[in-house]
1. Just round it to a whole percent: the fraction of Cα-Cα distances in segment 27-84 exceeding 20 Å.
2. Based on the alpha carbon coordinates of segment 86-138, what radius of gyration and maximum Cα-Cα distance (Dmax) apply, in Å?
3. Packing-wise, with mean Cβ within 10 Å as the measure, how do 33-46, 94-107 rank, highest first?
4. Restricting to Cα pairs below 8 Å that are 6+ residues apart, what does the relative contact order work out to for segment 38-136? Please round to a whole percent.
5. Give me the percent of Cα-Cα pairs in the chain that sit more than 19 Å apart, rounded to a whole number.
């Protein structure tokens, strides 16, 4: 019953606030309900064949819904370059790359946001937010 819950959460959101909604990967009904009416969508993918497959599907959905979007590549350096090639061909902005990094994985496994322990990432995420706000206004 995720769709009614998501719909109710969205009804409670004030129009003047910046709100970030997270959804599961893919293009299931809860994902569509979450992104419907969004000003911008951040797609997080990995540079793997599976990541590229899912990315291609959600890009088609977002294009049909006319929702602007960009990509964050998680575990950058762990896979191949096909995600990057796809984004370049489709002129999809790559907003941020999070490297395949043992320290990040260790912090994640402990439930610690890595930006708390790796201060250089705090600024990178702040810049990401600024970029998203700019792209969402276009």
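Every number in this text was worked out from the coordinates using simple rules, so none of it is lab data. Keep in mind it's a predicted model, so treat the numbers as computed, not measured. When we count neighbours, we look across all protein chains shown, and the Cβ atoms used for this are built from the backbone with ideal geometry, even at glycine.
1. On the way: 399 of 1653 pairs.
Distances greater than 20 Å cover 24 percent of the Cα pairs.
2. Looking at segment 86-138, its Cα Rg and Dmax stand at 13.8, 38 Å.
3. 33-46, 94-107
4. On the way: 116 pairs, mean separation 27.4, N = 99.
Contact order relative to length: 28 percent.
5. Value for the chain: 57 percent of Cα pairs lie more than 19 Å apart.
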